[in-house]
Amino acid sequence: MSSITASPQSTGPPEEHESHVTSYPRFIARSLWLATEGSLAFYAWMTVLTALFLVGANAWANQVAGGMIGTNMTDHVSWGLYIANFTFMVGLAAGGVMMVIPAYLYHDRKMHDVVIIGELLAIAAIVMCLLFVVADLGRPDRFWHMLPGIGKFNWPISMLTWDVIVLNGYLILNLHICGYLLYMRFLGRKPNPVWYVPFVMLSIVWAISIHTVTAFLYCGLGGRPFWNTALLAPRFLASAFVSGPAFIIAAMVLIKKLTGVSGLDQPIATLARIVRVTILINLLMVASELFTEFYTGGSHVSAAKYLFFGLHGKTALVPWTWTAIGLNITAALLFLWPGLLELRWRPLLVAACCMAFVGAWIEKGMGLIVPGFIPSTLHEVVEYVPSQLEWKVTVGIWAFGLMVFTIAIKTALPTLKHPAEH
Amino acid sequence: MTTTEPSTKRSLPIVENFGRRAAVKGAFATLGAGAFVAAISPLRQAAKNSSAAEFMQQHYTELSADQKADVIARLEAETKEQYGADVTIADDRPIPGTKFVYAINLSVCNGNGKCVEACHKENNHDRDTNQSYIRVIEMPKGTMDMEQGSTTYSGAVPKDDKFYLPVQCQQCDEPPCVDVCPVKATWKEEDGIVVVDYNWCIGCRYCEAACPYHARRFNWKKPEVPAEEINPNQSYLSNRVRPVGVVEKCTYCLHRTRRGKLPACLEACPTGARVFGNILDKDSNIRWILENKRVYILKEELGTKPAFFYYFD
């Protein structure tokens, strides 16, 4: 078993005593087994997530059966909470690349040891993106119309087809990278760089592309002045590089506490330093956008007016917006303070991450999607507040995403606890 | 070169109560799967309303004549079964050498809303939501800024200080709604009409976001129309009763106009503000108006090139 006949330098499939046909299923079985082993707290956590997911699944089934009249969307505000969350989750998926870049481009060894956390987050986030898109479809039964080959794929004209390609591509890339590394670990072999490093490099470019294309969905629409800005894609990326690292920092603090994985403090510090910059870039872009809107004035500014101050007495989004601004600025100030990186201020660091995360969620979710529709293209002001059904479906998808992330981290724990020697 | 730890890592760890734990895990997995099936059971309701033939149906442009006939027969039977109405669904195709355009005389329109109502009835819109493809904006005189207008006006019309701007699908020559559709469920036909294959649309509503004229509508619920009120003269690409969960839009009443009749909104207009015709016909009234009147194009700066014009006396 332990004698390896193939040369480690060989690039072809290495010869083994056991073929992949039998060892791969054993790897999957072992991963599944590992992922379902844990403390009572773990089982409680998974049970709660399962319950929430089931509530969401049931709400979605009711939505499909009864029509989307169960949501509070209208012909005026035709996208709502689902697309808001979709947009945010694309950012979260792209945000994981802020671990990959230091690990692979700057050869940060400590980051390299735990970079799989970012890649696993990307997988969970993309799964959530796809679920949010499906939840938003009026006819999910016709999903196959979008499959190239058997359906009719309006590529390259429709930006949505580009999004389908880049999101699924990113999912496959990350599944391959994580799957390959974990499988090699299971076989006890040193991963062959040829089989994953090129894909990691590709995934860096790809991460930028998923959020750029998602911004192009909106900013290419001439009839929606609020979205029709060249700054949208850069803004999306900046906020993604806030929310992604913020989530990962909080997750790593938790992982350290719960599992005793060591070597996380230096990556946490690196990510915190990244957020310190990206959160300011994001705020700068928001300020630049607002200056252009309000100083120019005219009817172009109506949506921003609605978002920040309300329009014709309609103010549903105003409290949300100012909450986001407050959270973003507070988080930015906290990240500027060098003491935040000290070990004794861990709870404050996590709090700052949560603020930045929620701030980005509001800003890029409801704060971006809804004002695109208010006022409508005929300048009518019809407000939108998500219905209970929409919240249930949304919580259900979040619960499912957290389940995927938890299981993925569990599977990767042996790798995280005992990183391979360099 | 070789790592030292592999052999132990390659097999499952020996857990004393492995069998029992596996059984417990299996039981919980089964329980979870069962709960999931129960949670999504409302889907069975949805499945009941849609047939296998509908699920498998190909895109309109790829149906053979025989397949089209089958689809239409199925749709007619479904309307009978679900709405209790006997309807005829035709497959009206563009007339060669025709390009339809519409014009409205803003000096004459008085905001009476008869066009909105006629559209509602002609196109078998949902009665509950009072749906229509036309919205009329009451505008203060002295501006073309829709921000100043209102679609929810009431009282006697016309008011002295107002004028009225009806808006419906502009049948753009550069339609953003067609560009964004991920599945080509909507397209522009040779006579200029932008149509939707209601049996191909996946309901993503990207077109609704892309349209600058609020011309598209989504079927948030199954349309409800009493059998006696259903307009039985239907066409596949226009006013047949739409399924739930898909987008629809004004088709210049192609089930009428492609048979030489005028759109329902025009026929209903008591003021004569509406003019419709074939712009390729040099002797047509519409051609004369566009060549001689002062013409205004809604949101012309967006480059959508509407086939819909407003003019003044």
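The values are calculated or read from the model by the stated rules, or taken from the named source; none is laboratory data. None of the values given here were measured: they were computed from a predicted structure. As a convention, Cβ positions derive from the backbone with ideal geometry for all residues, glycine included, and neighbour counts pool all protein chains shown. Areas reflect the complete protein model, heavy atoms only, side chains present, ligands, DNA and RNA absent. Shrake-Rupley method; radii C 1.70, N 1.55, O 1.52, S 1.80 Å.
Sorting B:Arg135, A:Arg26, B:Arg294 on solvent-accessible area from highest to lowest, probe radius 1.4 Å, gives B:Arg294, A:Arg26, B:Arg135. Taking the C-alpha atoms only, the angle from helix A:81-95 to the longest principal axis of chain A is near 40 degrees.
Holding the Cα-Cα limit at 32 Å, pick out from A:Lys314/A:Lys392; B:Lys141/B:Lys221; B:Lys68/B:Lys261; B:Lys162/B:Lys293; A:Lys305/B:Lys188 the pairs that are longer than that. From A:Lys314/A:Lys392; B:Lys141/B:Lys221; B:Lys68/B:Lys261; B:Lys162/B:Lys293; A:Lys305/B:Lys188, over 32 Å: B:Lys141/B:Lys221; A:Lys305/B:Lys188. With distances taken between every two different alpha-carbon atoms, chain A has a Kirkwood hydrodynamic radius of 22.8 Å.
Across region B:127-184, the volume of the C-alpha convex hull divided among the residues equals 143 Å³ per residue.
Between B:Asn233 and B:Lys282, the contour length at 0.36 nm per residue exceeds the Cα-Cα span by 14.6 nm. Sorting A:156-167, A:253-264 by their mean Cβ neighbour count within 10 Å, with the most densely packed peptide first, gives A:156-167, A:253-264. Largest accessible area first, the listed residues B:His120, A:His418, A:His20 line up as A:His418, A:His20, B:His120 when surface is computed with a 1.4 Å probe on the assembled protein chains. Take each residue of peptide B:179-189, count the partner chain Cβ atoms within 10 Å of its Cβ, and average: the result is 6. For the protein assembly as shown, the square roots a ≥ b ≥ c of the C-alpha gyration tensor eigenvalues yield an a/c of 1.5 or more together with a/b exceeding b/c, which makes the shape prolate. For B:Phe36, the accessible surface of its heavy atoms amounts to roughly 70 Å² (probe 1.4 Å, protein chains only, rounded to the nearest 10). To the nearest 10 square angstrom, what accessible area does A:Phe216 show with a 1.4 Å probe? It works out to around 90 Å².
Rounded if a/c is under 1.5, else prolate if a/b is larger than b/c, else oblate: which is region A:176-262, with a ≥ b ≥ c the root eigenvalues of its Cα gyration tensor? Oblate.
Note on A:22-28: average number of Cβ atoms from other chains within 10 Å of each residue's Cβ is 1. Of the listed residues A:Thr292, B:Thr304, the order by accessible area with a 1.4 Å probe, largest first, is A:Thr292, B:Thr304. Take chain A and mark each of the GluC sites (Glu not before Pro) that is in a DSSP loop with at most 13 other Cβ atoms within 10 Å; the longest unmarked stretch, sites excluded, is A:19-341. Computed from point charges on the beta carbon alone (+1 for Lys and Arg, -1 for Asp and Glu), the dipole magnitude for region B:100-312 about its Cα centre is near 240 Debye.
Dipole check for the protein assembly as shown: with +1 at the C-beta of Lys and Arg, -1 at the C-beta of Asp and Glu, and the Cα centre as origin, the magnitude is about 1600 Debye.
Take each residue of peptide A:62-73, count the partner chain Cβ atoms within 10 Å of its Cβ, and average: the result is 6.
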